[in-house]
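Q: My questions will all concern the structure given below.
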Amino acid sequence: MRRPDPLSHYFPLRFANQAQVTRFAKQCVRCGQVVELPNMSGAVRVLPDRAMVAAKARCPKCSHEFPVTCLITQDKQVMRLHLPNTLLMWYLLATTSAPAPQAPAPAAATVDLQRLQRSEVELAADSVGQFDGQPIPAWIRHAGEQFDFEGVLGKGQQPAQDERVLDGQLLYRRHVLTA
């Protein structure tokens, strides 16, 4: 059986509905410090609508090691699994292949098309708050498509194909009509 891999090799997680989870972290059970992907090793199994995670996390502050056993849904909800970490880790390592090598970063031209300024888009009159003293439009319209506000782009995070970035940090996802 293969050994646990750094959890960062599995991320970003991509689901069948085009949702993407780019970051994952847990709080240290001893000191409360946030433990991020580089300090976790284990295995992940991605299914069309959810992903199972079994890992060991090591706190960078106090060096305490603790188990992480959870389910991440395509809606980015994280639920604790009440299974022994050792059992789930064994199952995932036995039934999944090693993570694929990370794809190269998107070409600069693609990223530039996804990064927009306010002068290039139609802005919603409604705002959902403020960021750096500027109102955050509830949606933007670019090239005939509407994109709804999703959040703030994380450090080092790249937008997905169905996402646009406004003012360098505000993340918008393509509007999906629901019945």
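Q: Could you tell me which residue of segment 138-179 is surrounded by the fewest Cβ atoms within 10 Å (Cβ to Cβ), considering only residues that are charged (D, E, K, R) and more than 15 Å from A19 (Cβ to Cβ)?
A: K155
Q: Among the residues of segment 1-34, count how many are more than 22 Å from S97 (Cα to Cα) and more than 15 Å from the chain's Cα centre (by Cα).
A: Total meeting the criteria: 8.
Q: Okay, next question. From the list L13, L92, L7, pick out the single residue that is farther than 30 Å from E163 by Cα, surrounded by 17 or more Cβ atoms within 10 Å (Cβ to Cβ) and in contact (Cβ under 8 Å) with a residue 40 or more places away in the chain. Break it down stepwise before answering.
A: Values: L13 fails: farther than 30 Å from E163 by Cα; L7 fails: farther than 30 Å from E163 by Cα.
The unique qualifying residue is L92.
Q: Follow-up question, since we're still on this one. Please enumerate the residues belonging to segment 25-65 that are among the polar types (S, T, N, Q), over 23 Å from D75 (Cβ atoms) and assigned to a strand (DSSP E or B). Walk me through it before giving the result.
A: Step one: filter segment 25-65 for residues among the polar types (S, T, N, Q), giving 27, 33, 39, 41, 63.
Next, only the ones that are over 23 Å from D75 (Cβ atoms) stay: 33, 39, 41, 63.
Residue satisfying the conditions is S41 alone.
Q: Sticking with this structure for a sec: Return the pairs, sorted by first residue and then second, in which the second residue is at pLDDT 90 or above and hydrophobic (A, V, I, L, M, F, W, C), the first residue lies in segment 30-51 and is over 22 Å from G156 (Cα atoms) and surrounded by fewer than 16 Cβ atoms within 10 Å (Cβ to Cβ), the beta carbons are less than 6 Å apart, and the residues are 6+ apart or on different chains.
A: If the second residue must be at pLDDT 90 or above and hydrophobic (A, V, I, L, M, F, W, C), the pairs left are R30/C62; C31/C62.
Q: Mind counting the residues in segment 150-179 that are assigned to a loop (DSSP other than H, G, I, E, B), hydrophobic (A, V, I, L, M, F, W, C) and out of contact with any Pro (no Cβ under 9 Å at 6 or more places or on another chain)?
A: We begin by selecting, within segment 150-179, every residue assigned to a loop (DSSP other than H, G, I, E, B); these are 153-162, 167-169, 175-179.
Going one step further and asking which of them are hydrophobic (A, V, I, L, M, F, W, C), we end up with 153, 160, 176-177, 179.
Right, trim to out of contact with any Pro (no Cβ under 9 Å at 6 or more places or on another chain) and you get 176-177, 179.
Residues meeting the conditions: 3.
Q: Would you check if Q74 is exposed (fewer than 11 other Cβ atoms within 10 Å of the Cβ) and either farther than 21 Å from G156 by Cβ or at pLDDT 90 or above (or both)?
A: Details: exposed (fewer than 11 other Cβ atoms within 10 Å of the Cβ): no; either farther than 21 Å from G156 by Cβ or at pLDDT 90 or above (or both): yes.
No.
The values are calculated or read from the model by the stated rules, or taken from the named source; none is laboratory data. In this text, all values refer to a predicted model and were calculated from it rather than measured experimentally. All Cβ positions, glycine included, derive from the backbone under ideal geometry; neighbour counts span all protein chains shown.
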